[in-house]
Amino acid sequence: MKSLEKIISTDPRPIGVFDSGIGGLTVLKAFISLYPHESYVYIGDTARLPYGTKSPETIIRYSCMLAETLCQMDIKAMVVACNTASTHALKKVEAQIAPLPVMGMIDPAVETARSVTKNKHIAVIGTRGTIQSDIYAKNLRAQDPDLRISSKACQLLVAYAEDGLIDGPLVSSILDHYLDEIFSKPDAPDTLILGCTHFPLFEPLLRQKLGSRVALVNTGLATAKSLARYQVFRPAPLTQTGVIKFFATDGPEYFAKNAERFFGQKLGQDQVEFLDIKVK
Ligand code: DGL
């Protein structure tokens, strides 16, 4: 197969991406790094975040609304760029927008972790909703019943990342608080799934703490890499760079101001539009 970077679509319609807010920009960043010629439309549901503490039923309602809104924008594929929404709502969204392809965060990360681990012990961190659902552990064990899984909900890390607290002593101690019980044992995991959009921001500190013996799985990147299996992507040379549109359901100014941490690029205030979505 040609390298993924060269697989470019002949269909000029954008890929729709949604998340509970700003965190999904880490996922969009991963997609753009591999597919810079694609166009994207991103909706951050900032009016209703966080999703990580809400019930599955609520997440399904919100996600289906966002999926419907994206479909009205004439997209060719969709990315559920939120681990919590992927956990609870991916199947519903898939059924809702079929035959449009939908990618969620869970299975590509499961596949990556399973192929990376050598000691067959994998750790997963995520929001309360993602971890309580046990989706990662179930899907990993479905692939390989011999895998050992250690999971931990790290809800506070979402707020830390939102507030720009991604290094320093405070962040170091909260990471210790969450991870010591898993990683201080002699048979500790050799792979850690960062099962939340916000957690790639802690990668530098996690690498410092865990060292090179633990592989970190970025769920956005794993999903972007898995995308080549979809028919909408074909090796055809387009020369232009894709167009990206950003929408936020509340506080587009806040979204633009804080985007850089998650996206790696500055966004101007005029680049993020307010989108009023009413949830039924
Ligand atoms: N986007 C969410 C996730 O990846 C984290 C933020 C939230 O709780 O809304 O699970």
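Bear in mind these aren't lab numbers, they're just calculated from the coordinates by the rules spelled out. Remember, it's a predicted structure, so these values are computed and weren't measured experimentally. No Cβ is skipped: glycine too gets one built from the backbone with ideal geometry, and neighbour counts run over all protein chains shown.
The per residue volume of the convex hull around the alpha-carbon atoms of the stretch 52-113 is 79 Å³. The value obtained for the stretch 113-163, namely the Cα convex hull volume divided by the number of residues, is 77 Å³ per residue. Relative contact order of the chain, taken over Cα pairs closer than 8 Å and 6 or more residues apart, is 28 percent. Among Ala81, Phe202, Asn139, flag the residue with its Cα farthest along the positive direction of the charge dipole of the chain, charges on Cβ as +1 for Lys/Arg and -1 for Asp/Glu. Among Ala81, Phe202, Asn139, the one farthest towards the positive end of the dipole of the chain is Asn139. Computed on the Cα trace of the stretch 109-254, the radius of gyration divided by the Kirkwood hydrodynamic radius gives Rg/Rh = 1.02. Projecting the Cα atoms of Leu216, Thr58, Leu267 onto the charge dipole of the chain, computed from C-beta unit charges around the Cα centre, puts Leu216 farthest toward the positive end.
Under the rule a/c < 1.5 gives rounded, and otherwise a/b versus b/c splits prolate from oblate, where does the stretch 1-146 land using the Cα gyration tensor? Verdict is oblate for the stretch 1-146.
Length gain on complete extension for the stretch Phe274 to Asp180, per 0.36 nm per residue less the alpha carbon to alpha carbon distance? The Phe274-Asp180 span can extend by a further 29.7 nm. Within the same chain, lysines fewer than 8 places from Lys209 are excluded, and of the rest, those with a Cα less than 20 Å from its Cα are Lys118, Lys152, Lys185.
Amide H to amide H distances under 5 Å link Tyr40 with Ile15, Val243, Ile244, Lys245, where only residues 5 or more positions off or on other chains count and H is placed in the peptide plane. Where a ≥ b ≥ c are the square roots of the eigenvalues of the C-alpha gyration tensor, would you call the stretch 60-194 rounded, which needs a/c under 1.5, or, failing that, prolate if a/b is larger than b/c, or oblate? Cα axes put the stretch 60-194 in the oblate bin. Distance between the modelled labels on Thr241 and Asp144, one decimal in nanometres: 3.9 nm (7 Å Cα→Cβ projection). Remark: the stretch 18-73 carries a charge dipole of roughly 140 debye about the Cα centre, counting +1 on each Lys and Arg Cβ and -1 on each Asp and Glu Cβ. Globularity index of the chain is 0.96 (Cα radius of gyration / 2.2 N^0.38 Å, N = number of residues). Close amide H contacts of Cys82 (hydrogens built in the peptide plane, cut-off under 5 Å, sequence separation of 5 or more or a different chain): Met105.
What the phi angles of the stretch 177-182 give under the Karplus curve with 6.51, -1.76 and 1.60, with θ = phi - 60°, is a coupling list of 4, 7, 9, 4, 4, 7 Hz, glycine and proline written as x. When both the stretch 251-275 and the stretch 72-94 are represented by their alpha-carbon centers, they are found 21 Å apart. A simple rule links phi to the HN-Hα coupling: the Karplus curve 6.51 cos²θ - 1.76 cosθ + 1.60 with θ = phi - 60°, which for the stretch 205-221 gives 5, 5, 5, 4, 6, 8, x, 7, 6, 10, 7, 9, 9, 8, 5, x, 5 Hz, with x for Gly and Pro.
For the stretch 1-105, lysine pairs with C-alpha atoms less than 28 angstrom apart, excluding pairs fewer than eight positions apart on the same chain, total 12.
Placing unit charges on the Cβ atoms only, positive for Lys and Arg and negative for Asp and Glu, gives the chain a dipole magnitude near 660 debye about its Cα centre.
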